[in-house]
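Have a look at the structure below before the remarks.
The values are calculated or read from the model by the stated rules, or taken from the named source; none is laboratory data. Everything numeric in this text was worked out from a predicted model, so none of it was measured. Cβ atoms come from the backbone with ideal geometry, glycine included; neighbour counts cover every protein chain shown. For accessibility, only protein heavy atoms count, side chains too; no ligands or nucleic acids. Shrake-Rupley method; radii C 1.70, N 1.55, O 1.52, S 1.80 Å.
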Amino acid sequence: MTAATRVLVLNSGSSSVKYQLIDMADGSRPASGMVERIGEQSFPDHATALAAIADELAGKGVGLDSPALAAIGHRVVHGGTRFTAPTLITDQVLDTVRELVPLAPLHNPANITGIEIARKLRPDLPQVAVFDTAFHATIPEYAARYAIDSETADRFSVRRYGFHGTSHQYVSRRTAELLGKSPESVNVIVFHLGNGASAAAVAGGVCVDTSMGLTPLEGLVMGTRSGDLDPAVLLHLHRVGGMSADEIDDLLNRRSGMLGLCGDNDMREVTRRVQAGDERAQLAFDIYVHRLRKYLGGYTAVLGRVDAVVFTAGVGENSAEVRAAATAGLDAFGIDLDPALNALRSKAPRLVSSPLSRVAVAVVPTDEELEIARQTFSVISSGDR
Ligand code: ADP
């Protein structure tokens, strides 16, 4: 009999479903892909999209009925305070994820739909939810609570949850490996810089603070999101600007960040314009970097001792300019970037600091799918499921 060692990872978004089939026995990926533009003609809904993925897998000889398939791992954005670890999906679990929809109205519904359809396709197969928030569940109360009236905060579940947790977890552990140390023995600051961007302070493998909050809007400057701002800005825009809640939501989530500052949300284009002497792009770049440096300094104080600052995701892995600017002139922090190493392009986890740097600076490509597969496999392999 074939050992069931494969995990199908599904990331169901509102208009796309990404999938990867990962074999935990040898790390191979027999299939991966994405169905986009769900809601349009060829894929009117998630059911047709997942049926297409099932057909594609079957066509490659690795269909959903394959005996090698051990489980399906689903990315779920918001686990609230209820889910702090990867969880085997039952009817009850799914009901609780539904109750969390008000906390992530843009994300959880699509995640839930993906789970429902996958369970219909393979009702007998273990399916596991891996939450984007779970890694941040260890953040101490004094870092998770906003300084507002506690009763109001609790009534509306307002607190810092944090996101990109699967990535921060994977990257912080992989960084420890790169340093040749155990995760328990290192303190790391992770900058996950993609379209969305967040920072995390990880002490001995445990997350102690992160920049995203109740929603993925807080913290760093992002492609189209503002990150931190005076909360009274919203009131001002409402009272003086006459903007509605939906208009402000749209402004801060979709028309702000690098796009709002300079008209481009892709860091490649911003960097090209900076090099061509474009002042608006330069200011946007400077604002982006200034925010990174504030979090770098803040999390250094939070951690006390930092072993590594690590960059990941689209911008973090590829933009030598951002890494250089974020760490420039920080010798007092023990940070000494090596310009030649930083400029090298590579897909491998690597150090970009000089051997003299007390704090290592690293680039570690993230792999959220592998982390979801790993966590899914560990849930189904543990006895207590
Ligand atoms: P997501 O957050 O959607 O998963 P990614 O992590 O793939 O996205 O990051 C996408 C972003 O990475 C792009 O918007 C772009 O700004 C940036 N990026 C990709 N390649 C480069 C590059 N070579 N230089 C600078 N930025 C890059």
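Under 26 Å of direct C-alpha separation, and excluding same-chain neighbours fewer than eight residues apart, Lys347 reaches these lysines: Lys18, Lys181.
Between Leu356, Val101, Ile115, the Cα set farthest toward the positive side of the dipole of the chain (charges on each charged residue's Cβ, about the Cα centre) is that of Leu356. Around the amide H of Gly73, modelled in the peptide plane, lie the amide H atoms of Leu8, Val9, Leu10, Val128, all under 5 Å away and 5 or more residues distant in sequence or on another chain.
Looking at region 266-385, the accessible area is 49 square angstrom per residue; that uses a 1.4 Å probe and ignores ligands, DNA and RNA.
Kirkwood Rh over Cα pairs of the chain into Stokes-Einstein at 25 °C, 0.890 mPa s: D in µm²/s?
Numbers: Rh = 22.0 Å.
Value of D from the Cα-based Kirkwood radius: 112 µm²/s.
Here the scattering of region 6-131 is modelled by Debye summation over its C-alpha atoms, one equal scatterer each and no solvent; at q = 0.19 Å⁻¹ the log10 of I(q)/I(0) is -1.05.
Could you put Ile53, Ile148 in order of accessible surface area, largest first, with the 1.4 Å probe and the full protein assembly present? Please report the intermediate quantities before stating the final value.
Values: Ile53 5, Ile148 85 Å².
These residues rank, largest area first, as Ile148, Ile53.
When both bridge partners sit in the chain, DSSP labels roughly 55% of those beta bridges antiparallel. Per-residue extension of 0.36 nm, minus the Cα-Cα distance of Leu88 and Val233, leaves a gain of 48.0 nm for this segment.
Note down the magnitude of the dipole of the chain about its Cα centre, charges +1 on Lys and Arg C-beta and -1 on Asp and Glu C-beta and zero elsewhere, to the nearest 20 debye. Intermediate values should be presented prior to the final figure.
Numbers: 37 positive and 45 negative charges, 115 e Å.
Its charge dipole is roughly 560 debye.
At a probe radius of 1.4 angstrom, the accessible area of region 1-123 per residue rounds to 48 square angstrom. In percent, rounded to a whole number, the relative contact order of region 6-131 is 30, using alpha-carbon pairs under 8 Å and six or more apart.
Counting each pair of different Cα atoms once, what's the Kirkwood radius of region 180-368 in Å, rounded to one decimal? All intermediate terms of the calculation are to be shown ahead of the outcome.
Details: mean 1/r = 0.0579 Å⁻¹.
Roughly 17.3 Å, rounded to one decimal.
What separates the Cα centres of region 19-73 and region 211-248 is a distance of 37 Å.
Summed over qualifying helices (DSSP H, 4 residues or more, each -39500 (n - 2.57)) and divided by its residue number, the chain shows a 222 nm mean residue ellipticity of -11500 deg cm²/dmol.
Which percent of the accessible area of the chain is formed by carbon and sulfur heavy atoms (probe 1.4 angstrom)? Please report the intermediate quantities before stating the final value.
Numbers: 9470 of 17820 Å².
C and S fraction of accessible area: 53 percent.
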